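The values are calculated or read from the model by the stated rules, or taken from the named source; none is laboratory data. Keep in mind that what you see is a predicted model, and the values were worked out from it rather than measured. FYI the Cβ positions are ideal-geometry reconstructions off the backbone, even for glycines, and counts take in every protein chain you see. Side chains are part of the model used for accessible areas, which takes the heavy atoms of the whole protein and leaves out ligands, DNA and RNA. Shrake-Rupley method; radii C 1.70, N 1.55, O 1.52, S 1.80 Å.
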Amino acid sequence: MRDDEGRDDNDGREGFGMSVRPRLLITRRLSPEVEARAARDYDAVLNPEDRVFTRDELVAACQEVDAVLPCHSERFDAAVIAALPDRLRVIANHSVGVDHVDLAAAAGRGIIVTNTPDVLSDATAEIAILCMLGAARRGAEGDRMVREGRWNTWSPSFMVGAQITGKRFGVLGMGRVGRVTAARARGFGMEVHYHNRRPLPPEDAQGAIWHDTPESLIATSDVLSLHCPATPETEGIMNAERIAKMPRGAILVNTARGALVDEAALVEALKSRHLFAAGLDVFRTEPGGNPALAALDNVFLLPHIGSATFETRIAMGYRALDNLDAVFADNEPGDRVA
Ligand code: 8YV
């Protein structure tokens, strides 16, 4: 960790009506563009080595700051929030998901919490489509075979996969990312189905067919793509019972949160071939993933890179900074979640 240059010298600037620039902890290394803007406008404490904080280090690093810009890799549970200093006004997340923050605890302490919606929808939808295609067309298996020099045969029955054109694409959680992913799936000639608590207005649904229960959607989807946030209500929503309700030969895609899926039940469904395949970018254990899933051929796995494009990383960082700027200008931040 280091203090960014200019920590004690405010260059005569009086940002945000404060006599000194607000002190901002950025927990992980971000895009150079984002760090440059943060260092210009804040007394920024950066993490150029991108070292992962322990819980105690996180609490300690927050003691002397007015704001923190964390990623989903830092957990702000009730105990961490209780240990934050009174001067800390805002947790401006560099993520759309906020399941790593105890929002009630933050609200209880009067700490503002923001996220970064919208700007990562395209990138995450691209990864969801990659996961779908990788699972359907046996991408990981084929890549491994060629890479390891084991490709020694070819026949019409070799590496046959599932075609997605014309199939039913189910979206569990038709929010921002779900809607963009649905639009991409339409481009493959898929018929889009979704479950939300309430149907969307027609301009958002774009012809997608609403299901009033997750069960109905699950039973109707040849590809089921998860796009709901991880909350106590959605934790383990894809349990053994619901996985069994997926049509035989279906594909499960998860680019949202690992907590949505009972991974042991998924492993069984993949082993028994009840499911043709799964495409997963997120896991219950991160980093690391799940060795039992990794041992299977019919899974396509990625290391939580849904929003990891150059463009989106910059947009996420700027969006988090926009939220901070609003707080320190005593305005309501656009993406306040607590
Ligand atoms: C990122 C994400 O991996 O935004 C989220 O909720 O899970 C991803 O976009 C991460 O949070 C970046 O900090």
* **Burial ranking of peptide ranges 31-38, 85-92 (average Cβ count within 10 Å, highest at the top)** => 85-92, 31-38
* To do: Set the Förster radius R0 to 51 Å, insert the Cβ-Cβ distance between E203 and D50 as r into 1/(1 + (r/R0)^6), and round the FRET efficiency to 0.05.
  => 0.80
* Anisotropy class of the stretch 205-264 from Cα gyration tensor, a/c 1.5 cut -> oblate
* At what distance in nm do the modelled label points of A240 and V160 sit from each other, each positioned 7 Å from its Cα along Cα→Cβ? -> 3.2
* Structure fact -> A student applying the Cα gyration tensor rule (rounded when a/c is under 1.5; otherwise prolate if a/b is larger than b/c, oblate if not) would label the stretch 159-280 oblate
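Can you tell me the length gained on complete extension of the stretch W151 to E268, counting 0.36 nm per residue apart and subtracting the Cα distance?
Going from the current span to full extension adds 39.3 nm.
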* Of all accessible surface on the chain at a 1.4 Å probe, what whole percent is carbon and sulfur? -> 52
* When the label point is put 7 Å from the Cα of A79 along its Cα-to-beta-carbon vector, which residues of the stretch 99-114 have a backbone N closer than 20 Å? -> 99-109
* Structure fact -> Within the set G279, G142, G178, GNM on the chain using Cα springs under 10 Å gives the largest fluctuation to G142
* Helical mean residue ellipticity (222 nm; -39500 (n - 2.57) per DSSP H run of 4+; nearest 500) of the chain -> -9500 deg cm²/dmol
* Which of the peptides 155-168, 221-234 is most tightly packed, and how do the rest follow, going by the mean number of other Cβ atoms within 10 Å of each residue? -> 221-234, 155-168
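Which of rounded, prolate or oblate describes the stretch 12-125 when judged by the alpha-carbon gyration tensor and an a/c cut-off of 1.5? Walk me through the numbers on the way to the answer.
Working: a/c = 1.40, a/b = 1.05, b/c = 1.32.
Rounded shape, in that the Cα axes give a/c under 1.5.
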* Any idea how far apart R87 and R109 come out in nm if each label point goes 7 Å out from Cα toward Cβ? -> 1.5
